[in-house]
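The values are calculated or read from the model by the stated rules, or taken from the named source; none is laboratory data. Note that the coordinates shown come from a computational prediction; the quantities given were computed from them, not determined experimentally. Methodologically, a virtual Cβ is constructed for each residue, glycine included, from the backbone with ideal geometry; neighbour enumeration extends over all protein chains shown.
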Amino acid sequence: MHTLENLDKEKILALLALANDFKNGLEVKLKSKIFASNLFFEDSTRTKMSFEMAERKLGFEVIPFDASKSSVNKGESLYDTVKTLESIGINLLVIRHSQNNFYNELKNIKIPIINAGDGTANHPSQTILDLMTIQQEFGDFENLKIGIVGDVKHSRVAHSLSDALRKMGSKVFFSGPEEWFEEANFMNDTYRNLDELVPVADVLIFLRIQHERHGEKKYKDEDYLKKYGLTKKREQKMKPTSIIMHPAPINRNVEIDSDLVECKRSRIFKQMENGVFARMAILSNALQYRAKSQD
Ligand code: CP
């Protein structure tokens with residue numbers, strides 16, 4: 001899976017149902033050994049570890065790959081690296097890369113390649129776990145008002161998630177520093193002032209400021225929180241049923257007041273929990289296994 005573009009609403013719902021089945025204890029019986037490897041050319045904690053957890057829960061053998069010690073540092077291309085791993089018998093690869101659409105250069109590779117985040121473009125496994133978290137809360141996506149707040153321009157999470165949410169029937173709005181919305185053409189006139197968005201949104205998703213993609217730091221932490229972050233004052237203005245999400249890692253007291261990270265309406269660690277099951281569904285779909293319950 002490279003993006004969710006080719007998945008319609010029905011297919012996404014089927015993937016979410018499979019993820020929930022895994023959460024409820026569904027197990028797979030592999031017909032033969034599966035060797036998987038996770039190639040992370042950008043840093044990661046959640047995505048890398050939860051893909052590995054998902055692979056182990058599915059019974060895969062996980063072959064370690066350390067990008068910083070690999071022959072990429074001798075100038076080997078991504079294609080040659082991947083072709084090498086395919087040649088030595090790896091059956092499935094999970095790849096995170098700083099280059100948008102890196103998978104376009106891997107079209108000749110036969111084994112499944114799962115995108116664990118490409119530059120500022122896509123983060124499909126994050127989207128599936130985010131949808132799973134929203135579905136668990138509200139049951140359906142139709143007409144939910146979702147606010148995506150922060151560094152939208154540099155966020156692969158925002159790109160993937162907003163497309164998928166619209167497909168599922170939700171209404172997506174954006175907020176945050178206006179200069180980060182220039183060139184963000186997927187927004188379709190849906191920018192809202194944060195204080196207008198807070199009392200009407202069913203879900204508020206705060207995004208990490210992608211300092212690594214900006215160069216210099218434009219805002220002082222306390223100024224950003226006051227203007228564009230979730231303060232305690234704003235949290236009190238949310239609807240009683242509304243929830244808070246963040247893909248993490250979180251810049252505490254920048255995008256969100258640290259005391260709200262684990263507050264009653266926060267689903268941030270629930271998102272991480274769901275990530276393992278969402279990735280089990282993505283992996284098993286990629287290999288087209290027939291999953292069988294133990295019972
Ligand atoms: N949400 C997310 O992608 O986190 P990591 O960068 O830690 O994988």
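Return the pairs, sorted by first residue and then second, in which the second residue is in a helix (DSSP H, G or I) and away from the ligand (no atom under 13 Å from the Cβ), the first residue lies in region 37-55 and is farther than 12 Å from D66 by Cα, the beta carbons are less than 6 Å apart, and the residues are 6+ apart or on different chains.
Listed by first residue and then by second, the contacts come to A54/M280; A54/L283.
Evaluate the following for V149: is it closer than 23 Å to N6 by Cα and among the β-branched types (V, I, T)?
Spelling it out, it is not the case that V149 is closer than 23 Å to N6 by Cα and among the β-branched types (V, I, T).
Which members of region 192-216 meet the condition of being assigned to a loop (DSSP other than H, G, I, E, B) and more than 22 Å from Q126 (Cβ to Cβ)?
Step one: list which residues in region 192-216 are assigned to a loop (DSSP other than H, G, I, E, B), which gives 192-193, 198-202, 207-210, 215-216.
Once the filter is applied, which keeps residues that are assigned to a loop (DSSP other than H, G, I, E, B) and more than 22 Å from Q126 (Cβ to Cβ), region 192-216 yields R192, N193, V198, P199, V200, G215, E216.
Go through region 230-250 residue by residue and tally those that are without any contact (Cβ under 8 Å) to a residue 60 or more places away in the chain, assigned to a loop (DSSP other than H, G, I, E, B), within 16 Å of the ligand (Cβ to nearest atom) and surrounded by 19 or more Cβ atoms within 10 Å (Cβ to Cβ).
Number of matching residues: 1.
Those residues that are in a loop (DSSP other than H, G, I, E, B) and touching a residue at least 40 places away in the same chain (Cβ under 8 Å), I need them from region 8-30; list them, please. Write out each step before concluding.
Filtering region 8-30 down to residues in a loop (DSSP other than H, G, I, E, B) leaves 8, 24-26, 28-30.
D8, G25, L26, V28, K29, L30, listed by residue number.
Taking only region 42-98 into account, find how many residues are in a loop (DSSP other than H, G, I, E, B), under 21 Å from the mean Cα position of the chain (by Cα), more than 16 Å from the ligand (Cβ to nearest atom) and charged (D, E, K, R).
Residues meeting the conditions: 0.
For E105, indicate whether it is more than 30 Å from I250 (Cα to Cα), in contact with a Leu (Cβ under 9 Å, 6 or more places away or on another chain) and part of a helix (DSSP H, G or I). It would help to see each step written out before you state the result.
Working: more than 30 Å from I250 (Cα to Cα): yes; in contact with a Leu (Cβ under 9 Å, 6 or more places away or on another chain): yes; part of a helix (DSSP H, G or I): yes.
Here the answer is yes, as E105 does meet what is asked.
Just to be sure I understand the filter: pairs with C-beta atoms under 7 Å, separated by 6 or more residues or on different chains, first member in region 109-137 and at pLDDT 95 or above and of a type in the set (D, E), second member in a helix (DSSP H, G or I) and within 12 Å of the ligand (Cβ to nearest atom). Which pairs pass?
Taking only residues 6 or more apart or on different chains, the pairs are D118/R156; D130/L161; D130/Q271.
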